[in-house]
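Written below as structure tokens is the structure these notes are about.
The values are calculated or read from the model by the stated rules, or taken from the named source; none is laboratory data. This one's a predicted model, so the numbers in the text were calculated from it and none came from an experiment. Note: ideal-geometry Cβ built from the backbone for every residue, glycine included; neighbour counts use all protein chains shown. For the accessible areas, the whole protein counts, side chains as well, though only heavy atoms, and no ligand, DNA or RNA atoms are used. Shrake-Rupley method; radii C 1.70, N 1.55, O 1.52, S 1.80 Å.
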Amino acid sequence: MNKLNLIAAILLVVCSTASAQDIVLTGHVQRVILQPSGTENCPPPCPVTSRTHADGSQTVCISNSGGCQMMEVKVARIYRGVVQEQIRQFKSRIGEWGPSFPVTDKLIVVSEEAGRVHWSIATELEGKIFFDPKRLSSIGGIPSSTNSNSELVALDEVLARSAKGR
């Protein structure tokens with residue numbers, strides 16, 4: 001039985017590591033879906049009923065969440081991570097400033113780190129992909145721009161710096 005428990009523990013670690021993997025890719029947006037909280041794929045940010053504690057106090061939940069968003073991206077190239085399908089879905093909650101996923105036909109760079117999704121329009125110059133570091137401020141925990149003027153930065157250079165920092 002101990003062998004079975006060990007195998008189960010190893011599988012759990014491997015599966016959780018794979019699902020928490022960071023992804024960096026380029027692609028084209030195919031669809032963006034917005035959903036209100038409380039629908040099938042967008043649970044409410046707060047419990048329906050408040051909790052009453054032993055001392056009689058109640059827990060109150062206040063949220064500025066505006067619902068959920070989902071973006072489907074047709075993958076052009078994978079730079080980091082593993083993507084199983086040609087279409088990759090990215091999901092997040094909508095914050096107080098509204099939806100953040102783009103509705104564009106242009107090539108975009110998408111980074112997902114620890115479940116947080118960031119993107120920028122991609123610009124191709126001389127065979128290299130560049131992006132706006134104000135939109136995609138870090139990759140792999142490393143800042144995208146090394147200076148404060150925030151001009152376009154080369155994706156391959158940021159990936160090389162973030163690989164060194166791992």
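Go through 60, 117 for me and flag whichever is in a loop (DSSP other than H, G, I, E, B) and either within 30 Å of residue 40 (Cβ to Cβ) or open to solvent by 60 Å² or more (accessible area, probe 1.4 Å) (or both).
Of 60, 117, the one residue that is in a loop (DSSP other than H, G, I, E, B) and either within 30 Å of residue 40 (Cβ to Cβ) or open to solvent by 60 Å² or more (accessible area, probe 1.4 Å) (or both) is 60.
Name every residue in region 73-114 that is more than 11 Å from the chain's Cα centre (by Cα), under 13 Å from residue 34 (Cβ atoms) and assigned to a strand (DSSP E or B), in order of residue number.
Passing the criteria: 94, 95, 98.
Conditions: (1) of a type in the set (Gly, Ala, Ser); (2) open to solvent by 50 Å² or more (accessible area, probe 1.4 Å); (3) under 24 Å from residue 131 (Cβ atoms). Residue 81 meets all but one. Number of the miss?
Unmet for residue 81, out of (1) of a type in the set (Gly, Ala, Ser); (2) open to solvent by 50 Å² or more (accessible area, probe 1.4 Å); (3) under 24 Å from residue 131 (Cβ atoms): (2).
With respect to residue 9, determine if the residue is modelled with pLDDT under 90, aliphatic (A, V, I, L, M), surrounded by 10 or more Cβ atoms within 10 Å (Cβ to Cβ) and within 30 Å of residue 106 (Cβ to Cβ).
Judged against the criteria, residue 9 is not a match.
Might you check whether a residue that is within 19 Å of the chain's Cα centre (by Cα), under 25 Å from residue 156 (Cβ atoms) and of a type in the set (Lys, Arg) occurs anywhere in region 30-39?
no
Of these, 92, 100, 120, 145, which one is polar (S, T, N, Q), within 20 Å of residue 161 (Cα to Cα) and at pLDDT 90 or above?
It is 120.
Would you mention how many residues in region 120-130 are surrounded by fewer than 19 Cβ atoms within 10 Å (Cβ to Cβ) and within 19 Å of the chain's Cα centre (by Cα)?
Total meeting the criteria: 1.
In region 131-140, what count of residues is obtained for those that are in a strand (DSSP E or B) and surrounded by 21 or more Cβ atoms within 10 Å (Cβ to Cβ)?
Going through region 131-140 one residue at a time, the tally reaches 2.
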